[in-house]
1. Give the long-range amide H neighbours of Ser46: residues separated by 5 or more places, or on another chain, with amide H under 5 Å away, using H modelled in the peptide plane at 1.01 Å from N.
2. Give me the net charge of Gly9's neighbourhood, meaning all other residues with Cβ under 15 Å from the Cβ of Gly9; Lys, Arg count +1, Asp, Glu -1.
3. Taking Cα atoms of segment 41-188, Rg/Rh with Kirkwood Rh, to two decimals?
4. Considering the convex hull of the alpha carbon atoms of segment 116-188, report its projected area averaged over all viewing directions, in nm², one decimal.
5. Under the rule of at least 5 residues apart or a separate chain, name every residue whose amide H is placed under 5 Å from the amide H of Ala80.
6. Restricting to Cα atoms and excluding each atom paired with itself, what does the Kirkwood estimate give for segment 1-82 in Å?
7. If I take all pairs of Cα atoms in segment 44-95, what percentage of them are more than 14 Å from each other?
8. With θ set to phi - 60°, apply the Karplus curve 6.51 cos²θ - 1.76 cosθ + 1.60 along segment 130-137 and write out the HN-Hα couplings as whole Hz, x wherever there is a Gly or Pro.
Amino acid sequence: MRLAVLASGTGSILGAIVDAGLEVALVLVDRPCRAIELAEVHGIDSVVVERSGYGASFDRTEYSSAVAAALVDRSIDVVAMAGFGTVLEQPFFERFGGRTLNTHPALLPAFPGWHAVADALAYGVKVTGCTVHVATLDVDAGPILAQAAVEILPDDDEASLHERIKAVERTLYPATIRRFVNELEHCP
Ligand code: GRF
């Protein structure tokens, strides 16, 4: 199974996936970011599919086709989104539906979306966490594979809370990817 990781940010979750011993065949990013540098450090093939190249109004459908094509070109079987900052549409899911995982920094279905950590803080919940789920066309709504809780401390800000959540994601996500890939290998 050839695994691709899709990222846009610091790549710390990508680093955890690599450190856990999972073989990453490709890192795909949608913008220049540290994740691509990390791929280079680890000698992993990488590709930038720049979202800025898809027009002022951003043609999401075309962009999703380009991402799928880049993955198909490199014979990717399974995709792990790790802080990927672009919502993908049908052309991507036509090819990789049921084979794409995502990690989200909240206990879904609570606090979907890009500002999950800030939203949990603003709401005043005392416990949040992270969710690993199968990515679907509906954002942050696919079948849940694993969750872990993280307590919110009285003096938390978005950065401190997100870092504690990521510390949990760095263990939970690689373990869940490994299980998912094993299951796919045994009943493709
Ligand atoms: C993670 O918290 C992930 O759940 C969210 O983006 C973050 C990625 O972190 N979608 P990093 O850029 O890998 O450090």
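1. Distant-sequence amide H within range of Ser46: Val27.
2. Summing Lys and Arg as +1 and Asp and Glu as -1 gives 0.
3. We get a ratio of 0.99 for segment 41-188.
4. 5.4 nm²
5. Answer set, sorted by chain and number: Ala4, Val5, Leu6, Leu101.
6. Final number for the Kirkwood radius of segment 1-82 is 12.8 Å.
7. For segment 44-95, the share of Cα pairs beyond 14 Å comes to 53 percent.
8. 9, 9, 9, 9, 6, 7, 10, 4
We did not get these values from a lab; they are worked out from the coordinates using the rules stated. Here the structure is a predicted model, which is why all the values come from computation and not from measurement. Here Cβ is always computed from backbone atoms with ideal geometry, including for glycine, and neighbour counts include all displayed protein chains.
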